[in-house]
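The block underneath contains the structure these notes are about, expressed in structure tokens.
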Amino acid sequence: MHRLFILLSAVIVVGSGCERAVEPEWGYSPEVLELSGELQTEVRSQVRERCGTYSQPKLLGHDDVTTDWLKHGQAVYKKRCVQCHGISGGGDGPAAAVMYPRPRDYRRGIFKFTSTTYGSKPLREDLVSTLHRGIRGTSMPSFKLLPKKDIEAVVDYVLVLTHRGELENQIALTAQAEEEVDPEVVEEDLVPIVVDAWKQAIQNEVHVLTPQPEFTKANVVNGKKAFLTRGCSKCHGEDGRGLTADNLKAGLKDTWQQPTRAADLTSGMLHGGQEPIDVYRRIYAGINGTPMPGFANVLKDEPDTIWDLVAYVLYVSNRRRVGDNPPPGPPAPYVPVAETSVEAGG
């Protein structure tokens, strides 16, 4: 009898340790959670119908993408991305609070480093490129060693999250204004707003205005002159460190309401890529979601100046690598990560 009791106890202990883990669920944005109970239920229902659930994800506007494929992407995301970007893609994973800059919140459909014009969606290839390259100077690593299948699948899963977040926001704003959720309006008006913007991205790709020259000292000299006279130094400083007094006083924030500042070009870590075309696109189109504007209109009558600026930025960012260390700039402490995380979480 005593031995039977021990055996049963062991079975209970082992059995309790084998309980199936509760599957995660996608969360909803503050805009949805602020709605009344009835409206909130209707918004959730419309989002689930078109974007699926965590266990059965759907890629909005792409009925040809299978659930099995998206589940594969989800598995890659869960292993490689969720720690920073969070279950719902809100940039709120368990590690996010101690990071600067914060991981991307996909739900707004805004991506910084693209090959398209300011305000446009990225090309799908831009997301693939970011995974291959990583983002220097941030916690976003390169995943170029992953199998191609994993990269392609996780990009589609990221698109699931961003399309879902965008649609959720459109429905919530409409529900708030109209005090109702009309399924016909969702299908005929709101879904196309999200889907069509991504389809049109290819039409908004940045193409160079003039061919890239073979950079010479003259390009660098002309680029420095433009840097100091066309507004670049107002944010990046005359030394390129991005620590101007105006920036620090302004307390700049990005679209996601996270603290930000102009890049330190002397660090040699250009977040959007190290190639001349990458720098060209940042200057031409700006950086989505940040105070960095595009100079396409300002320099439309002197397109060669863009290449001069590219040459100067590459020169400044490469100085340390060739042993030409720039002199130290003025001391200008920045808000510590701990403080920014408290502000972001408030």
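Taken together, the values in this text are just the output of simple stated rules run on the coordinates, not laboratory data. Only a predicted model underlies this, so the values are computations on that prediction, with no experimental measurement involved. Cβ sites come from the backbone with ideal geometry, for glycine too, and all protein chains shown count toward neighbours.
Taking amide hydrogens as modeled 1.01 Å from N in the peptide plane, which residues meet the under 5 Å criterion relative to residue 253, leaving out close sequence neighbours?
So residue 253 has HN proximity to 260.
Please give the charge dipole size of the chain, origin at the Cα centre, charges +1 on K and R Cβ atoms and -1 on D and E Cβ atoms. Round to the nearest 20 debye.
Taking the Cα centre of the chain as origin, the dipole is about 2000 debye.
The range 85-198: Rg/Rh from Cα coordinates, Kirkwood Rh?
Here Rg/Rh amounts to 1.02.
Amide H to amide H under 5 Å from residue 92: which residues, 5+ apart in sequence or cross-chain, H placed 1.01 Å off N in plane?
Answer set, sorted by chain and number: 86.
Below 8 Å, C-alpha to C-alpha, sequence gap of six or more: please give me the relative contact order for the chain in percent.
RCO, the chain: 18 percent.
Quick one: 3J(HN,Hα) in Hz for the range 267-283, Karplus 6.51/-1.76/1.60 with θ = phi - 60°, rounded, Gly and Pro as x.
Listing the rounded values in order: 5, x, 10, 7, 4, x, x, 9, 7, x, 5, 5, 5, 4, 5, 5, 6 Hz.
Provide 118, 54 in ascending order of the number of other Cβ atoms located within 10 Å of each residue's Cβ, fewest first.
If I rank by nearby Cβ atoms, fewest first, I get 54, 118.
Quick one: Karplus J couplings for the range 287-301, per residue in order, coefficients 6.51, -1.76, 1.60, θ = phi - 60°, nearest Hz, x for Gly and Pro?
10, 3, x, 10, x, 6, x, x, 10, 4, 6, 4, 10, 5, 8
Sort the range 241-292 into rounded, prolate or oblate with this rule: let a ≥ b ≥ c be the square roots of the eigenvalues of the Cα gyration tensor; rounded if a/c is under 1.5, and if a/c is not under 1.5, prolate when a/b is larger than b/c, oblate otherwise.
Here the range 241-292 falls in the oblate category.
Residue 116's amide H: which non-local residues (gap 5+, or another chain) put their own amide H closer than 5 Å, with H modeled 1.01 Å from N in plane and none for Pro or chain starts?
Amide H to amide H, under 5 Å and 5 or more residues apart or across chains, residue 116 pairs with 123, 206.
Sorted from fewest to most neighbouring beta carbons within 10 Å, what does the list 63, 126 look like?
63, 126
Per residue of the range 215-225, in order, report the coupling 6.51 cos²θ - 1.76 cosθ + 1.60 (Karplus, θ = phi - 60°) as ³J(HN,Hα) in whole Hz, putting x for Gly and Pro.
Each residue of the range 215-225 in turn: 5, 10, 4, 4, 4, 5, 4, 5, x, 5, 4 Hz.
If the reach is capped at under 25 angstrom between alpha carbons, list the lysines near residue 217, excluding any in the same chain fewer than eight residues apart.
The reachable lysines, counting only those whose Cα sits under 25 Å from residue 217, are 225, 234, 300.
Once every DSSP H run of n ≥ 4 in the chain is given -39500 (n - 2.57) and the sum is divided by its residues, what mean residue ellipticity at 222 nm do you get, rounded to the nearest 500 deg cm²/dmol?
Computed ellipticity for the chain at 222 nm equals -14000 deg cm²/dmol.
Whole Å is fine, so just give me how far the alpha carbon centre of the range 204-283 lies from that of the range 144-180.
30
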